[in-house]
Amino acid sequence: MQARQESNYSEGVNSKRATVISSLVRELKSLLGPENVLSATEDLCLYEFDGSVEKARPELVVFPHTTEQVSRIVKLAAKYQVPVVGRGAGTGLSGGALARGGGVMIVFARMNKILAIDLESRRAVVQPGVVNLDITRAVEHAGLYFAPDPSSQKSCTIGGNVAENAGGPHTLAYGVTTNHIAALELVMPDGEIVRVGSKNGDAPGYDLCGLFVGSEGTLALVTEITVKLSRKPEAVKTLLAIFDAIEDASQTVVEITARGITPAACEMLDGWTLQVVEDYIQAGFPRYSAAVLLLEVEGLREAVEAQAAAVDEVCRTCHAREVRVARDDHERDLLWKGRKNAFGALGRLAPSNYVLDGVIPRSKLPQALTHILGIGKKYGFHVGNIFHAGDGNLHPIVLYDPRDSQQCKNAIAAAEEIIRYCVELGGALTGEHGVGMEKNELMSLLFSEADFDLMRRVHDTFNPDSSLNPGKIFPLSKGCGEIRIRSKEATGAR
Ligand SMILES: Cc1cc2nc3c(=O)[nH]c(=O)nc-3n(C[C@H](O)[C@H](O)[C@H](O)COP(=O)(O)OP(=O)(O)OC[C@H]3O[C@@H](n4cnc5c(N)ncnc54)[C@H](O)[C@@H]3O)c2cc1C
């Protein structure tokens, strides 16, 4: 009897929800045109994933072309009390772009215009759906480029980069996305359009631009971005240091930093990964080694020669078997192609992979890599390592078969143990991929109740009803009723 009552109740709730969504679909189709609204299940299924292991399906997907349309979509969603989540290319690795609370997903792929380029001031104004690498492509004829270079830069969008405060191999010398953003146009959760930052320098008052960069789409939607462009260096040298022991490669990173050398990039790939990458890309990596460091130095010609010599010397002192220098742009591009496609190469070995993102103090690199391999072994996985060694930003990758429930459980357990270990070493649970819905429950490893309280106050100032990207960043299990998920908790992979 009680079961029947409950089932009647849930049917009633579902049918009320279906009515709300169909009214919203009707209004959105009239606003955007039917070609810019998806509501069929088979279409929505495509948007229930991103690059992470998480899963959550939106109830409808829309493709705006203008800021005004974004504002009106948000107002309509508020009218029907339906949550909203923004999405760029969906390459995120923490479930940030998934509709955890159901609702409307705003995909920025069709807001992909470069609106203005000012070569003299070294600024470009772009829509959020512009692909990261396309900014560089548009200005490289003038010797300029956009410095943040996530390995996904051929597909990820600048809107996603801003939301995640994305990094990349060259973050070591040039900083992360926030260091390259001058101003933002935002649509707030009530639909209001505001601007923060300033095109030509630091705006006085609070650094609101800095607040919104890295807020993972939980405070506002970004509809226009003024990026800072950098001048290409006069000279670049790319070195590949090959090691027979992974501890020696790790020690080299510690030593380079200790000597006060800051290369533009310092990436590490382990020997197992290198073989897989070579099979896929033929980038010129050694087939037999324990690890390589891919190092880049750049700047004025004389300084580059001196810095390359210093790096070479440290590598050899730390027992590098060989240090090669890329002879030309072709060799350099090939090495970077190998590095930037390494996740893809490993992805060919198993039906799915789990890319982790933890930070440790650089001085702990030698012990950490051995420990992480041990954790992988304990759960039955060989963990690949491709990462931003200079920043201590690890990306262990666990290959698994999601159809095997035990493997799934083991992959998640191994991932959690690795992340906990990074925090124990004095590091952090994410370096650049964000918290999203992947690590929100682990946030209390790093933050106290007082920290959460402050963060919640910031959150609630801008997004008081949690109508924007609910269920992200804050742990839901720790009395975070403040972060309300308005509608159903969509099905998760875990
Ligand atoms: C192979 C591979 C390599 C990667 N390498 C790197 C790397 O080197 N460095 C790095 O930092 N990351 C890396 N990533 C992760 C990912 O590419 C970045 O996080 C990227 O910034 C996400 O961009 P996106 O357009 O795919 O965003 P999405 O995944 O679509 O969204 C990410 C977050 O941004 C929010 N968002 C998107 N657009 C907007 C908007 N207009 N307004 C407000 N919020 C918005 C979403 O709600 C979500 O929270 C890699 C991913 C892959 C698959």
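The values are calculated or read from the model by the stated rules, or taken from the named source; none is laboratory data. All figures in this text were calculated on a predicted structure; none of them were measured in a lab. Every residue, glycine among them, receives a Cβ derived from its backbone with ideal geometry; neighbour counts consider all protein chains shown. In case anyone asks, the SASA skips ligands and DNA or RNA and just uses the protein heavy atoms, side chains included. Shrake-Rupley method; radii C 1.70, N 1.55, O 1.52, S 1.80 Å.
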Task: Backbone HN-Hα couplings from phi across the stretch 175-189 [Karplus 6.51/-1.76/1.60, Hz, Gly and Pro as x] - done: x, 9, 3, 4, 6, 10, 10, 9, 7, 9, 9, 10, 10, 7, x
Open item on the list: Check which residues have an amide H placed less than 5 Å from Gly86's amide H, if you skip close sequence neighbours.
Closed with: Ile106, Asn469
Task: Ordering of 179-185, 460-466, 403-409, 120-126 by packing [mean C-beta count within 10 Å, highest first] - done: 179-185, 120-126, 460-466, 403-409
Open item on the list: Nearest 10 degrees is fine. How inclined is helix 2-32 to the longest principal axis of the chain, computing both from alpha carbons?
Closed with: 80 degrees
Open item on the list: Please list, ordered by chain and number, the residues whose modelled amide H lies under 5 Å from the amide H of Lys228; skip anything fewer than 5 residues away on the same chain.
Closed with: Ile181, Ala182
- [ ] Report relative contact order for the stretch 95-184 in percent, whole number only (criteria: Cα-Cα under 8 Å, sequence separation at least 6).
- [x] 21 percent
Open item on the list: How high is the relative contact order of the chain? Use alpha-carbon pairs under 8 Å, at least six apart in sequence, and give a whole percent.
Closed with: 16 percent
Task: Nearest-0.05 FRET efficiency for Lys337 and Arg110, computed from C-beta distance (R0 22 Å) - done: 0.15
Task: Principal axes of the stretch 350-434: Cα extent on each, largest first, Å - done: 37, 23, 18
TODO: Compute the distance in nm between two label points, each set 7 Å from the Cα along the Cα-to-Cβ direction, one at Ser405 and one at Ala303.
DONE: 5.9 nm
Task: Burial ranking of peptide ranges 363-376, 217-230 (average Cβ count within 10 Å, highest at the top) - done: 217-230, 363-376
Task: Carbon plus sulfur fraction of accessible area for the stretch 114-231, probe 1.4 Å, in percent - done: 50 percent
Open item on the list: I'd like the distance separating the alpha-carbon centroids of the stretch 68-118 and the stretch 301-318, in whole Å.
Closed with: 46 Å
TODO: Could you pull out every residue, at least 5 positions away or on a different chain, whose amide H is within less than 5 Å of the one on Ala99? Hs are placed 1.01 Å off N in the peptide plane, and Pro or chain starts have none.
DONE: Ala56
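Taking all pairs of distinct Cα atoms, average 1/r, flip it, and tell me the Kirkwood hydrodynamic radius of the stretch 2-106 in Å to one decimal place.
14.5 Å
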TODO: For every helix of n ≥ 4 consecutive DSSP H residues, a contribution of -39,500 (n - 2.57) applies; sum these over the chain, divide by its total residues, and give [θ] at 222 nm rounded to the nearest 500 deg cm²/dmol.
DONE: -11000 deg cm²/dmol
Task: For the stretch 430-440, Karplus couplings with θ = phi - 60° (6.51, -1.76, 1.60), whole Hz, Gly/Pro x - done: 7, x, 7, 8, x, 9, x, 10, 8, 10, 4
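Output the relative contact order of the stretch 162-214, whole-number percent, from Cα pairs under 8 angstrom with separation of 6+ residues. Working shown, then result.
Working: 60 pairs, mean separation 20.5, N = 53.
Across the stretch 162-214, relative contact order equals 39 percent.
Scan the stretch 237-317 for trypsin sites (Lys or Arg not before Pro) in coil per DSSP, keeping those whose Cβ has at most 13 other Cβ atoms within 10 Å, and list them by number.
Those satisfying the criteria are Arg259, Arg287.
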Task: Residue-span extension gain [Cys45 to Ser444] - 0.36 nm each, minus C-alpha spacing - done: 140.4 nm
Task: q = 0.11, 0.13, 0.14 Å⁻¹, the chain: log10 I(q)/I(0) [Debye, one scatterer per Cα] - done: -0.95, -1.29, -1.44
- [ ] Quick one: grab the alpha carbon gyration tensor of the stretch 52-138, order the square roots of its eigenvalues as a ≥ b ≥ c, and give me rounded if a/c is under 1.5, else prolate or oblate depending on whether a/b is larger than b/c.
- [x] oblate
Task: Global form of the stretch 235-340, assessed from the alpha-carbon gyration tensor, a/c cut-off 1.5 - done: oblate
- [ ] Please work out the C-alpha center-to-center distance from the stretch 362-415 to the stretch 243-266 and express it in whole Å.
- [x] 21 Å
Open item on the list: Straight-line reach only, C-alpha to C-alpha below 30 angstrom: list the lysines that Lys199 could link to, leaving out same-chain residues fewer than 8 apart.
Closed with: Lys75, Lys113, Lys154, Lys228, Lys232
Open item on the list: Going Cα to Cα from Lys237, which aspartates and glutamates come in below 13 Å? Please leave out same-chain ones fewer than 8 positions away.
Closed with: Glu296, Glu298, Glu302, Glu305, Asp312, Asp328, Asp329, Glu331, Asp333
Open item on the list: Give the lysines reachable from Lys377 as a straight Cα distance under 30 Å; neighbours fewer than 8 places away on the same chain don't count.
Closed with: Lys55, Lys337, Lys340, Lys364, Lys409, Lys439
Task: Burial order of peptide ranges 31-39, 158-166, 424-432 (average beta-carbon count within 10 Å, highest first) - done: 158-166, 424-432, 31-39
